[in-house]
Structure formats: structure tokens, C-alpha cells
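Asks: The structure that follows is given in the form of C-alpha cells.
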Amino acid sequence: MFKYFTPQQANKALPDVKKKFDRVIAIRDQILDMQEELDRMIQSNATIELYMKKKQELKHSIPASSSCIARL
């Protein structure tokens, strides 16, 4: 399960690792933005239909994000 790298291998892999990590952070930020939007909807007394639609988007985005991260 673990892989050991020489310093040279680690340095060579570092740009790819950074790119993948940046993608994970972007996915996390999208999920947090959706959650904040849900919170704003509650504060603004949005309709239950609108709220539920956004909640479903969030519910579906989390497993999709997890599978995207797993492929990284």
C-alpha cells in the first residue's frame, strides 16, 4: 500500500502531486460554497422547493467529488 520514493523520485513527482492536491482543494471549496449558499437560503427565507433543489445538488456532488478524488 505504501510506496517509498528516493529524493529524486519525490522531486520528480512533486508537480503532479501539487496539481492533484490543488484539485482536491478546488472540490472542497465548491462543496463549501454550496453549503454557504444553503445557509444563505435559510437566512433569506427561500422557498422550500428552492432549498431542496440546492440540497439535492449538494447531496449528489459529495459522492461525485469523492470518486473524483479517489481517481487522483
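Asks: In the set Asp39, Asp22, Asp29, which member is among the acidic types (Asp, Glu) and over 21 Å from Lys55 (Cα atoms)?
Replies: From the options Asp39, Asp22, Asp29, the qualifying one is Asp22.
Asks: Within 14 Å of the chain's Cα centre (by Cα) and assigned to a helix (DSSP H, G or I): is that true of Val24 in this structure? Break it down into steps so the answer makes sense when it comes.
Replies: Values: within 14 Å of the chain's Cα centre (by Cα): yes; assigned to a helix (DSSP H, G or I): yes.
Here the answer is yes, as Val24 does meet what is asked.
Asks: Please work out which one of (1) surrounded by fewer than 11 Cβ atoms within 10 Å (Cβ to Cβ); (2) of a type outside the set (Gly, Ala, Ser); (3) in a helix (DSSP H, G or I) is the condition Met1 fails and give its number.
Replies: Here Met1 clears every test but (3).
Asks: Of these, Lys55, Lys59, which one is out of contact with any strand residue (DSSP E or B) (no Cβ under 6 Å at 6 or more places or on another chain) and surrounded by fewer than 13 Cβ atoms within 10 Å (Cβ to Cβ)?
Replies: The match here is Lys59.
Asks: Report yes if Ile27 is β-branched (Val, Ile, Thr) and in contact with a Ser or Thr (Cβ under 7 Å, 6 or more places away or on another chain), otherwise no. Steps first, answer last, please.
Replies: Working: β-branched (Val, Ile, Thr): yes; in contact with a Ser or Thr (Cβ under 7 Å, 6 or more places away or on another chain): yes.
Against the criterion (β-branched (Val, Ile, Thr) and in contact with a Ser or Thr (Cβ under 7 Å, 6 or more places away or on another chain)), Ile27 qualifies.
Asks: Continuing with the same structure: Yes or no: Gln35 at negative phi, in contact with a helix residue (DSSP H, G or I) (Cβ under 7 Å, 6 or more places away or on another chain) and modelled with pLDDT of 90 or more?
Replies: Values: at negative phi: yes; in contact with a helix residue (DSSP H, G or I) (Cβ under 7 Å, 6 or more places away or on another chain): yes; modelled with pLDDT of 90 or more: yes.
Spelling it out, Gln35 is indeed at negative phi, in contact with a helix residue (DSSP H, G or I) (Cβ under 7 Å, 6 or more places away or on another chain) and modelled with pLDDT of 90 or more.
The values are calculated or read from the model by the stated rules, or taken from the named source; none is laboratory data. What you are looking at is a predicted structure, and each value in this text was computed from that prediction instead of being measured. Note that we place each Cβ from the backbone using ideal geometry, even for glycine, and neighbour counts take in every protein chain shown.
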